[in-house]
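The values are calculated or read from the model by the stated rules, or taken from the named source; none is laboratory data. Only a predicted model underlies this, so the values are computations on that prediction, with no experimental measurement involved. Cβ placement follows ideal geometry from the backbone for every residue including glycine, while neighbour counts extend to all protein chains displayed. Calculation scope for accessible area: heavy atoms of the full protein, side chains included, ligands and nucleic acids excluded. Shrake-Rupley method; radii C 1.70, N 1.55, O 1.52, S 1.80 Å.
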Amino acid sequence: MANDKYETHEYDVIVIGAGGAGLRAAIEASAAGVKTALICKSLLGKAHTVMAEGGIAAALRNVYQEDNWKVHFRDTMRGGKMLNNWRMAQLHAQEAPDRVLELEEWGALFDRTKDGRILQRDFGGHRYARLAHVGDRTGLEMIRTLQQHAVHKGIDVYMECNIQRLLKDGDRVCGAFGYWRESGKFVTFKSKAIVLATGGVGKAWKFTSNSWEYTGDGTTLAADVGADLIDMEMIQFHPTGMVWPNSVRGILVTEGVRGDGGTLRNSEGERFMFNYITDYFRAETAETEEEADAWYEDKTNNRRTPDLLPRDEVARAINAEVKAGRGSPHGGVLLDIASRRSAEYIARRLPSMHHQFKELADVDITKEPMEVGPTCHYIMGGVRVEADTAATTVPGLYAAGEVAAGLHGANRLGGNSLSDLLVFGRRAGLYAAQYAQNLEGHPSPDADQIEQYAQELLAPFNNDGGENPYTVHMALQDCMQNLVGIIRTESELKKAQTEIASLKERLAKVTVEGHRQYNPGWNLALDLQSLLTTAEATTMGALERKESRGGHTREDHPGPDPDKYGKINLVLRRKDGELSLSEEPLPEMPDDLKELFEESK
Amino acid sequence: MSDQAVAVNRGGPTDKTLRLDAWWVEPAVTVGMLSTFLIYTTWAALVNEHYYAEPYLSPFYSPCLSTSCMHVTLGLFDWPLSPAILILWAPAGFRLTCYYYRKAYYRSFWMSPPACAVRDGHAQYSGETRFPLLMQNLHRYFFYAATLVVLFLWWDALLAFSFPTADGGSEFGMGLGTLVLIANAAFLSLYSFSCHSCRHLCGGGLDVLSQSPLRFKLWRQVSRLNENHMLFAWISLVVVMLTDVYVRFISMGYISDVRFF
Amino acid sequence: MASEFTMRVWRGDISGGEFKDYRVEAQEGMVVLDVIHTIQATQAPDLAVRWNCKAGKCGSCSAEINGKPRLMCMTRMNLFEPGETITISPIQTFPLLRDLVTDVSFNYEKAKSIPALKLKAKEADGTRRMYQDDVDRVQEFHKCIECFLCQDVCHVIRDHEDNKPEFAGPRSFVRLASLEMHPLDEEDRREFLKSDAGLGYCNITKCCTEVCPEGIHITDNAIIPLKERVVDAYYDPVVWLMNKLTGK
């Protein structure tokens, strides 16, 4: 249309978010021959994927011949406390090796085995050394490889463009509306299909490994156009974030430290993880320090160290140690690799950890232990997708990566995130392209609708409520940290609901100073809408799920409830503007896959 | 010198620099050191005397190629001017085109730039894309020539073990001058073999090093040396100058050599 | 343990601006970016700053601190004396968008022009074999977080706007070195380096290496080896003479 009021672009497929999943989706869609654009909130290559450290989980069998997709599948399901979508877990385990090898074709240089193949490292919850990696900066390698590949394929990239609303034509999506951070001006993308790859929600918590971008945009955009959300209560607290100095609290310390031989100790010097082995993992976990240490070299005759139990288990254990008064000086525990590995080995295997602690905390990790504690890291829940196609419940809308739910169930294993991005990023791009190819005509958003959205987005400038967006954000972070943290209980969750409701009222009164050009105050005011939506969704789910499972621990319901909650997803849907919750049964796993779990018991 | 670069206005501050530290110290010291060396070397090379004090030959005059030399290394022909001119072009060219010295004098003499984040001293800049600076690309050929010279310096160091006797013969011995000549040859070798061109020729030019184990080993060693190329550049510069001073002073009778045995 | 500082922060856009002073209290362990955030939250909510990870991994928060190009998230406040005035200005080489945020699209445009990776055929068994000894050298270049501080400090474009079309800058050379030295790549980028990327403009004054927050030896390990490779192709008198004689 020639008379669009705002800058307008038209594509077959737009991908929102340019982390691993978004880039992979855009590459696939573009390769399928449809006109594709990639839109991101930051500069290209800065997305949170860059922070991923440990590696990409894939049963390549370069280090252990015994490994295969079935073992990986089983590890993923058990790590997710069986709440996973089995089909996603199967596709993920089957396709991850090809996706990793494909990265190598595009220029990624992983660390090598002696015979010149991709080296794999140990990680929590993985039975065999399985993570393809580059020191402790695998995410950087992955995003740069994908970024450069996408650039060479000539995909249009729109940077520092913040999508705020999805546009609909009937019941299907037909575009997106947002603004340029640079100028504050509005922009419309008309598109037949949309892939959401916007990442997580960590900025709703105070101590998080996530950057400012992780404000739950995709989850909210999807919910607003009627898509289902599931498992929103499942939040992963990574056991090892930095705890000191305060200003860097929450920054990630890679699980690779433990994968490469580091161990957790309390203030008494005890390797306390041996006291926290649950029955669920007892059969496959070492009971003595000797066995745990021997496991690093010989995995056939020894069982895995409890330091590498899945993240939910370790995070809870650290939490309990600190509560029992056996914490480190700044309220964490000690992560010690200095006394267990040579300085040269540490510097080679964990260069960026070495650098990070030296620069930010004045700690030399080759000489001293690190102080670590849980940090909000990842949301297993998110937009409900169809396993094979990554399609959401809204026609034309696809989702992949952290914003999508299902693969990880109640808890994600380290290393499964990067492979998730690749496997389902590709699938989302592929099926979005197919959908667009089969759709006749041009996408035609409703101009009145766009105008209404534009007015909504400008509201903070015209408001005289006087609320400061930064203050509201900090209040939300305190609320989620204190009331919807690792350990939850009904009374606190209810209190959180009340607080979130009052924060919503305060958000309506937020006033923004200055003009629209690169105005972080305004940007935050808009992001707060999605932060509050996801916070509300997480709290609703957490209140409803009356059991403890994976990333959701209820003090008032300490055990799992296999007969009820172990069989259902909690589904959230917007109805008449309000979120409503329903229970739906998990997809049924076929018998041949079920067998994988029976034989092991 | 052309005009100082004008501030490019891109919206930010246009100060020459916002650095508060003493960024000018480094270029100033470099100018002082290099100027001293240049002036002394030019004088010492042209003066054409006092460059030999048996059995020590000043490195500025080695190898001595003229038949009229005070100490002939290889008498190729008769040369009326200072024999230093015949060979000094090689080490001089090597240092002039050296990747480290280029940094040093581009910063300190040419102020392009004088220090990081301090405005360039010139309005126009074409780097090493045009003649004469295009000639910097010939560095590796100076490396070959300078390496030959270094071999002769080791030969001189060897000769410095042979002292004249009263009966006109020679005897094995060692003096302080012998050590000075060895140190000189050693530091010049470290400087030459830590050179970036040498590193490239040893193996840096290969994409697959693992398939050429010998060159890989060599490349690794040279790479390690190369990390200290700047240090060797300065040490060897001072040592070669002091070596000439030592020989010259003995020859002029200001000091006498210390003979160990 | 808190101490007071005066932060002189550049406020303005492409049409110009000025330094504004903010008095801020810095807690123990804070970095410059924390202090900027404090200013945002309490004194200047519209102060523009670009940042993401706050852990030195994404390379977004590049700025000049007391005139030196640095990452704000990796510059600790205890580098400075309490009470000191600290100047924070935007990186200078690129046009200012607002306050501390600049338009770095130059770097993305240059990236588009770089000839892509071209791998040779796979091994007979269908795999790719590369050895750590070969990969090590290139992995150093892959550490680049694209903070563009090297591009910022490089006088070739910092002080000479007219060189921008001809010169790709240190970041591009690091990328080109990683491609040229990739053990399985078979593309020859020497002509590109000489003619399109303007490698000859670099006078190896090493400021890029000095400011690199990842400690990549940009000059010694990327640029100089590339210059030597260009010499192989274009400045070898023996080759040149042979070509003359054989009339090539």
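From the C-alpha coordinates alone, can you work out the Kirkwood hydrodynamic radius of the range A:4-114, in Å?
About 16.6 Å for the range A:4-114.
Based on the alpha-carbon set only, what is the convex hull volume of the range A:322-365 divided per residue, in Å³?
On the way: hull volume 3.6 nm³, N = 44.
Looking at the range A:322-365, the number lands at 81 Å³ per residue.
Are any of the pairs A:Lys203/C:Lys143; A:Lys5/A:Lys203; A:Lys46/A:Lys367; B:Lys217/C:Lys122; A:Lys153/A:Lys192 more than 29 Å apart by Cα-Cα distance, and if so, which?
Among A:Lys203/C:Lys143; A:Lys5/A:Lys203; A:Lys46/A:Lys367; B:Lys217/C:Lys122; A:Lys153/A:Lys192, the Cα-Cα distance tops 29 Å for A:Lys5/A:Lys203; A:Lys46/A:Lys367.
Using the alpha-carbon atoms, what tilt in degrees (0 to 90, nearest 10) does helix A:138-152 show relative to the longest principal axis of chain A?
Helix A:138-152 sits roughly 40 degrees off the main axis of chain A.
Give the Cα extents of the range B:145-261 along the principal axes, in whole Å, largest first.
60, 28, 24
Considering just Cα atoms, how many Å³ per residue does the convex hull of chain A enclose? Please report the intermediate quantities before stating the final value.
Working: hull volume 86.8 nm³, N = 601.
Once divided by residue count, the hull of chain A is 144 Å³.
Remind me, what semi-axes does the range A:388-539 give for its equivalent ellipsoid, largest first in whole Å, using sqrt of 5 times each Cα gyration tensor eigenvalue?
Numbers: eigenvalues 203, 139, 36 Å².
So the equivalent ellipsoid measures 32, 26, 13 Å along its semi-axes.
Taking the Cα atoms only, what angle lies between the long axis of helix A:311-323 and the longest principal axis of chain A, rounded to 10 degrees?
Helix A:311-323 and the main axis of chain A meet at about 70 degrees.
Any idea of A:Lys504's accessible area? Nearest 10 Å², probe 1.4 Å.
Using a 1.4 Å probe on the heavy atoms, I get roughly 80 Å².
Report, as a whole number in µm² per second, the diffusion coefficient that Stokes-Einstein gives for the range C:134-248 at 4 °C and 1.567 mPa s using the Kirkwood radius over alpha carbon pairs.
Numbers: Rh = 14.9 Å.
My calculation gives 87 µm²/s for D.
Three principal axis extents, largest first, for the C-alpha atoms of the range B:111-200, in Å?
Taking max minus min along each principal axis of the Cα atoms, the range B:111-200 gives 68, 26, 23 Å.
What number does the range B:94-143 give for Rg over Rh if you use C-alpha atoms and the Kirkwood radius? Write out the running numbers ahead of the final one.
On the way: Rg = 11.5 Å, Rh = 11.5 Å.
Expressed as Rg/Rh, it is 1.00.
Any idea what Rg and Dmax come out to for the range B:185-229 if you just take the C-alpha atoms, in Å?
10.5, 34
How far, in nm, would the chain grow between B:Trp43 and B:Leu76 when pulled straight, counting 0.36 nm per residue and subtracting the alpha carbon separation?
Values: separation 33, 0.36 × 33 = 11.88 nm, distance 2.44 nm.
Contour length minus the Cα-Cα distance gives 9.4 nm.
Ignoring ligands, DNA and RNA and using a 1.4 Å probe, state the total buried accessible area between B and C in Å², rounded to the nearest 100. Mind showing how you got there, number by number?
Numbers: alone 14630 and 13360 Å², together 23420 Å².
Summed over both sides, the interface buries about 4600 Å².
To the nearest 10 degrees, how steep is helix B:25-46 against the longest Cα principal axis of chain B, on a 0 to 90 scale?
40 degrees
Between C:Glu18 and A:Glu451, how high is the FRET efficiency from 1/(1 + (r/R0)^6) when r is the Cβ-Cβ distance and R₀ = 30 Å? Nearest 0.05. Intermediate values should be presented prior to the final figure.
Numbers: r = 38 Å, r/R0 = 1.26.
So, using R0 = 30 Å, E works out to roughly 0.20.
Per residue, how large is the accessible surface of the protein assembly as shown? Use a 1.4 angstrom probe and give square angstrom.
Values: 40670 Å² over 1110 residues.
The answer is 37 Å² per residue.
With the solvent-accessible surface defined on protein heavy atoms using a 1.4 Å probe, which residues belonging to the range B:200-242 display a reduction of at least 50 Å² in accessible area in the multichain context relative to the isolated chain?
With the partner chains in place, the range B:200-242 has these residues losing at least 50 Å²: B:His200, B:Asp207, B:Ser210.
With a 4.7 Å Cβ cut-off, tell me which Cys residues in chain B come up empty for a partner.
So far as the 4.7 Å Cβ criterion goes, B:Cys98, B:Cys202 stand without a partner in chain B.
What distance in nm lies between label points placed 7 Å from Cα along the C-beta direction at A:His442 and C:Glu161?
For the pair A:His442/C:Glu161, the computed spacing is 3.8 nm.
How much of the accessible area of the range C:154-218, in percent, comes from carbon and sulfur atoms when a 1.4 Å probe is used? It would help to have the intermediate numbers written out before the result.
Details: 800 of 1800 Å².
C and S atoms contribute 44 percent here.
For A:Lys185, list the aspartates and glutamates whose Cα falls under 12 Å from its own Cα; do not include residues on the same chain fewer than 8 positions away.
Of all the aspartates and glutamates, those that pass the test against A:Lys185 - Cα under 12 Å, at least 8 places apart if same chain - are A:Glu7, A:Glu160.
Mind listing the Cα extents of the range B:23-162 along all three principal axes, in Å, largest one first?
That gives 54, 29, 27 Å along the principal axes, largest extent first.
Pop out the carbon and sulfur fraction of the accessible area of the range A:181-244 as a percent, whole number, probe 1.4 Å.
Details: 450 of 970 Å².
Exposed carbon and sulfur together represent 46 percent of the surface.
For the range A:412-444 and the range A:138-188, what is the separation of their Cα centres, given in Å?
14 Å
Could you give me the percent of Cα pairs per 10 Å distance bin for the protein assembly as shown, shortest bin first, beginning at zero and ending with the bin that holds the maximum distance?
Percent of pairs per bin, in order: 2, 10, 18, 21, 19, 13, 8, 5, 3, 1, 0, 0.
Stick to the Cα atoms of chain C, pair each with every other, and give me the Kirkwood hydrodynamic radius in Å at one decimal.
On the way: mean 1/r = 0.0495 Å⁻¹.
About 20.2 Å for chain C.
Starting from the Cα of A:Lys564, draw a straight line to each of the lysines and keep only those under 20 Å, dropping any in the same chain fewer than 8 residues away.
Answer for A:Lys564, where 20 Å is the Cα cut-off: A:Lys81, A:Lys546, A:Lys594, listed by chain and number.
Only Cα pairs under 8 Å and at least 6 apart count here; give the relative contact order of the range A:313-406 as a rounded whole percent.
Working: 110 pairs, mean separation 22.0, N = 94.
Relative contact order comes out at 23 percent.
Which of the lysines could a cross-linker bridge to A:Lys206, judged by Cα under 21 Å and excluding same-chain residues fewer than eight apart?
Cross-link targets: A:Lys323, A:Lys494, A:Lys495, A:Lys504, C:Lys54, C:Lys57.
May I ask which of C:Lys112/C:Lys206; C:Lys118/C:Lys206; B:Lys16/B:Lys103; C:Lys20/C:Lys110 have a Cα-Cα span longer than 28 Å here?
Numbers: C:Lys112/C:Lys206 25 Å; C:Lys118/C:Lys206 30 Å; B:Lys16/B:Lys103 20 Å; C:Lys20/C:Lys110 34 Å.
Cα-Cα > 28 Å for C:Lys118/C:Lys206; C:Lys20/C:Lys110; rest within.
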